[in-house]
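Read through the structure below, which is laid out as structure tokens, and then see the notes.
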Amino acid sequence: MASKKHRPEEAVAKLRQVDVLVSQGQSVAEAIRAIGVTEVTYYRWRREFGGLKSDQVKRLKDLEMENARLRKAIADLTLDKQILAEAAPGKLLSPARRRACVEHIVHTMGVSERRTCAALGQHRSTQRKVPRGQDDEARLTADIIELARQYGRYGYRKVTALLRDAGWLVNAKRVERIWRREGLKVPPRQPKRGRLWLVDGSCIRLRPERPNHVWSYDFVEDRTHDGRKFRMLNLLDEFTHECLAIRVGRKLKATDVIDVLSDLFILRGVPGHVRSDNGPEFVAKAVQGWIGAVGAKTAYIAPGSPWENGYVESFNARLRDELLDGEIFYSLREAEVVIESWRRHYNTVRPHGALRYRPPAPEVVLPVLAAWPMALRRPALPTTQVVAPRPTLN
């Protein structure tokens, strides 16, 4: 028969019983036989619990349990610290990164998945769930990457607008998620700012109220590959944000300004005001007299205050950022063709943030997909909704 295991309280009671029997004149051996244990067990008890009472033994037991609990807590904290040190510097902001980190720690440190998930704040159902993307995720990602490559200065909002025009049923949040996952970004640039003095020609005092109310124009310079300078005369309708014309030439003078304005006045009518800076081509008496003779008015900004001509200055920045800084022109004719093509794209395809990400002058007969090469377009998957084909741009 297996020997009975005595609790500490029972062992102390039997030791006290032996003390009582010995005090009554019995020998130690007889008293040990009376309590039903061997001499080895008795002396082991004496060594372990000698001089203690039952309540003291209970307290000792509680202290031992508390000590074991504290040792376990310290061990857990130490393990958590090791897990966090092994995980990665910084924050694990997405469930996918936490999932990969948990798998790495389980294989490297031999810690259980449950323990690792608790340390990293990852729910176990999230860890075990296999992520399944939508069926068109790969094609949408390819289109986003191609648009980011083609229009390097566009952010995900403009790319979302282009995708919707192409027939994709997608919102900006999904495009932003793919945009961040693929590491796409537009390098930030901090423009210089200046004080706005509200003169008569200011874009604050003279606000465009309708199409053909206020036009503005300005010059931009660039160089061909051989280092020779050429100029561009940019003319903009401030209400619609449409670029009316870009005249390219090695030299552009007051006569060229009159030539461009006369063509546009015949085609679109005479505007109410024409805003410009105080360049010699704009303040020339011939230009002022000609504009006044046809029924328009000039609006000059304060000298040295380009921010008062904000519409065309913003257009000049977009022109330089999205085209001129990324193109090499080997001849003036090449510059004319490429710049005119970009102007058409700017008016008919490019999403404008001020116009709710719509182009200022979309063409009705030419769909947006025509901006992409026909060879790169594929038909969309069968769907119950009637939408434009979804291209895959490889």
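Length gained on full extension, VAL186 to ILE266, computed as 0.36 nm times the residue gap minus the Cα-Cα distance: 24.8 nm. Peptides 215-222, 5-12, 23-30 ordered by packing proxy, namely the average of other Cβ atoms within 10 Å per residue, highest first: 215-222, 5-12, 23-30. How many percent of DSSP beta bridges within the range 214-355 run antiparallel, rounded to 5? Among the beta bridges of the range 214-355, antiparallel pairing accounts for roughly 70 percent. Shown here: the range 214-355, whose C-alpha atoms stretch 40, 34, 32 Å along the first, second and third principal axes, sorted largest to smallest. A Förster radius of 45 Å, combined with the Cβ-Cβ distance separating HIS107 from VAL338, puts the computed FRET efficiency at roughly 0.25. Ranked by the mean number of other Cβ atoms within 10 Å of their residues, highest first, the peptides 250-257, 327-334, 233-240 come out as 233-240, 250-257, 327-334. Taking all protein chains together and a 1.4 Å probe, the residues LEU70, LEU261 rank LEU70, LEU261 from largest to smallest accessible area. Placing ASP136, ASP263 in order of accessible area, with the largest value first and a 1.4 Å probe, yields ASP263, ASP136. In a simple Cβ point-charge model (Lys, Arg +1; Asp, Glu -1; nothing else charged), the range 136-182 has a dipole of about 260 debye relative to its Cα centre. A dipole drawn for the range 223-366 from +1 and -1 charges on Cβ atoms has a positive end, and of TYR346, PRO359, VAL260 the residue lying farthest that way is VAL260. Counting 0.36 nm for each residue step from LEU77 to ALA118 and taking away their Cα separation leaves a gain of 13.6 nm.
Once the Cβ-Cβ distance of ASP321 and ASP135 is raised to the sixth power relative to R0 = 41 Å, the FRET efficiency obtained is 0.70.
Using a 1.4 angstrom probe with every protein chain in place, what is the largest-first accessible-area order of LYS14, LYS129? Please list the in-between numbers first.
Details: LYS14 45, LYS129 140 Å².
Output order, biggest surface exposure first: LYS129, LYS14.
The values are calculated or read from the model by the stated rules, or taken from the named source; none is laboratory data. Treat the numbers as computed from the prediction; the structure is a model and nothing was measured. Positions of Cβ are generated from backbone atoms using ideal geometry, with glycine treated the same way; all protein chains shown enter the neighbour counts. We work out accessible area using only protein heavy atoms, side chains counted, and drop any ligands, DNA or RNA first. Shrake-Rupley method; radii C 1.70, N 1.55, O 1.52, S 1.80 Å.
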